[in-house]
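Note sheet for the following structure.
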Amino acid sequence: MRPTVRAVALLLLGGLLSGCLSAYVGPAPDESSVVTAPPSPAPSSSSTPFTGTVTIRDFAFDPADFTVHPGAVITVRNTGTVTHTLTAQDPTTFDTGPIAPGGTASFIAPSRPGTYPYLCGYHHFMRGLLTVA
Ligand SMILES: [Cu+2]
């Protein structure tokens, strides 16, 4: 099996059908997606709007990754059965402290734009990413 031969064949086919030989360079699962798929708008900029509340369900943050404005107040609700925290990787940045089951805590987002990884102080596999923008 020579992948380069197949890639060239796909390139030629894509060029014939679309009239644009230069755009397509990578392999594709099938020809139909190569020809007609329009470029979809980037979903990264504004995905799910953040409501200001992070809910801890069992052993996960929901949402885990979210974006807030500088200095925003973020509420964390623990619906799990054990105590959790929401603590920045650098705990001096933000830290809810222990939140008992059924409890709620708030913290202030950093004033400096950037990305702030956080975790649970008790369960380090519980992770998320706070973005200030
Ligand atoms: Cu936890």
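Worth pointing out:
- Among (1) surrounded by 18 or more Cβ atoms within 10 Å (Cβ to Cβ); (2) more than 17 Å from the chain's Cα centre (by Cα), the one test that Y118 misses: (2)
- Any hit, segment 92-100, residues being surrounded by 17 or more Cβ atoms within 10 Å (Cβ to Cβ) and aliphatic (A, V, I, L, M): yes
- Number of positions in segment 56-89 that are open to solvent by 20 Å² or more (accessible area, probe 1.4 Å), at pLDDT 95 or above and either over 18 Å from the mean Cα position of the chain (by Cα) or of a type in the set (S, T, Y) (or both): 11
- Filter result (within 16 Å of the ligand (Cβ to nearest atom) and not in a strand (DSSP E or B)) within segment 106-133: C120, G121, Y122, H123, H124, F125, M126
The values are calculated or read from the model by the stated rules, or taken from the named source; none is laboratory data. In this text the structure is predicted, and so the values were computed from the model without any measurement. Neighbour counts are summed over all protein chains in view; Cβ atoms, including those assigned to glycine, are modelled from backbone coordinates with ideal geometry. Just the protein is used for accessible areas: all its heavy atoms, side chains included, with ligands, DNA and RNA removed. Shrake-Rupley method; radii C 1.70, N 1.55, O 1.52, S 1.80 Å.
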